[in-house]
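Each reported figure results from applying straightforward, stated rules to the coordinates on display, with no laboratory input. For clarity, every value in this text was computed on a predicted model and none was experimentally measured. Ideal geometry is used to build each Cβ from the backbone, glycine not excepted, and the neighbour counts take in all protein chains shown.
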Amino acid sequence: MHDILPQDQPWWDKVRKETREVVDFYNYLRIDTPILEPVNLFERSLGAGTEIVEKQMFVLKDRSGDGFIMRPEGTASVARAYLQHGLSHLGQPLKLYYEGPMFRYERPQAGRQREFHQIGFEILGGESDAIHETQVILPIFRLLEGLKLKQLTIRVNTIGCKNCRPTYVQKLKAYYRSRLKNTCKDCQRRYQFNPLRLLDCKELECQEIKKSAPSILDSICSTCHRHFKEVLEYLEEVKLPYQLDPYLVRGLDYYNRTVFEIFSDFHTPDGQKLDFALAGGGRYDYLFDVLVGKPLPAIGGTIGVERVIEAMKAANINVLPRSRAKVFLMHMGVQAKKRSLVLLEEFREANILVAESLGKDSLNAQMRSADKAGVALALIFGQKEVFEDSIIIRDMKTGAQETVPLKKIVNEIKKRI
Ligand SMILES: [Zn+2]
Ligand SMILES: [Zn+2]
């Protein structure tokens, strides 16, 4: 887990600002759910055999012994809230987005932290229309573009449905059976409990084996085939750059049909490639089946905020710091110090940012702070000025000074900045 320090905040601000613009335009409504959820929500929704449920959940017990999970992802929580509050009345389908921290107990490594932040987009309910895939992928893609990330590619695949996936899984297992001895330990377990994840292994020897594995595209049923074809046609319509990746699978059990990940093929100046997905998601029509015994068309995608910021930094993308004060208020003497508080409030009402160093009484020290703040103008408020109801404006570049009546100062500064 990590702190987000002041010097990193401009990146976070930029991501939040871009998110707000995208969700407003594409008409996603915000939802916030608690960090703690009942244990069984994730066991049921993500699947008991998945890595997250088996190894990565933070479980807390309250005083009465009831267990809670610190949410490892957002979709299950959104689905829970959707059902609990009958949100279907808000729209069919309903577009929701969220942002916030998620928690997974993982081996810390580059690009992976135990507390990480996601921005998620979900479309719930309505018809199971293939256009919804594009309506989730498009805002995510635009958001990443808006952050100036370049060479973005969408890898997309279908993992079929309840009818056709079992056939493929059989083929996959048949292929791996004789090769299992050459795979890693994790893959030997995956073969038993979650064979699709065999395709997801990052170990070199397993990647080699994957290269010749049967493609799911040869096994999907005609309905899944038609759906996938439509998905690709809609992506083409808005010219989103995609690559078919027949080995792309996602770690969670609730996905069906479309899965996708978005990468940046950007190389850093020293030739490094960012080899992690910035975003990913998929269709999850079965999630509601698992939760309430009734399927509901749904699709979603998430952006990994830390990864996006890492990619922005690697690509030398500049972000502007928060808007800074152009004026610095200095005081001399107890009376001026006191009245500075009131003066600052007048500037606040006029929406003018003014920096200060009220805790420092030495004028030299205040001068140094003003220099550091990089302001264009300084206001000098001394004993004489308090007595005369005036204040001095100092041009920090030229050093030129001018005395102005106190009641005119806000307007005077407004004219000059
Ligand atoms: Zn199918
Ligand atoms: Zn493996």
- [ ] Work out the FRET efficiency for Asp32 and Tyr105 from their Cβ-Cβ distance, taking R0 = 22 Å, and round it to the nearest 0.05.
- [x] 0.40
- [ ] Give, as ranges by residue number, the residues of segment 141-160 whose backbone N falls under 13 Å from the point 7 Å along Cα→Cβ of Phe25.
- [x] 141-148
Open item on the list: Can you show me the helix-derived [θ] at 222 nm for the chain, built from DSSP H runs with n ≥ 4 at -39,500 (n - 2.57) apiece and divided by the number of residues, rounded to the nearest 500.
Closed with: -11000 deg cm²/dmol
TODO: Calculate, for Glu230 and Asp66, the FRET efficiency according to 1/(1 + (r/R0)^6) with r their C-beta to C-beta distance and R0 30 Å; round to the nearest 0.05.
DONE: 0.10
Open item on the list: On a full-extension model of 0.36 nm per residue, what is the gain between Ile352 and Val39, subtracting their alpha-carbon distance, rounded to one decimal in nm?
Closed with: 107.7 nm
Task: Evaluated over the chain, the Cα radius of gyration and Dmax, each in Å - done: 28.1, 94
- [ ] At 7 Å along the Cα-to-beta-carbon direction for both Ile4 and Asp395, put a label point, then send me their distance in nm to one decimal.
- [x] 4.1
Open item on the list: For segment 327-416, give me the percentage of DSSP beta bridges that are antiparallel, rounded to the nearest 5 percent.
Closed with: 55
- [ ] Please order Ile216, Ile209 by the number of other Cβ within 10 Å, starting at the fewest.
- [x] Ile209, Ile216
Open item on the list: What value in Å³ per residue do you get for the convex hull of the alpha-carbon atoms in segment 327-416?
Closed with: 85
TODO: Set the Förster radius R0 to 56 Å, insert the Cβ-Cβ distance between Thr167 and Arg114 as r into 1/(1 + (r/R0)^6), and round the FRET efficiency to 0.05.
DONE: 0.90
Task: Low-density loop positions, trypsin sites (Lys or Arg not before Pro), segment 37-75 - DSSP coil, at most 10 other Cβ in 10 Å - done: Arg63
Task: Segment Arg189-Val404, extension gain: residue separation times 0.36 nm, minus the distance between their alpha carbons - done: 69.6 nm
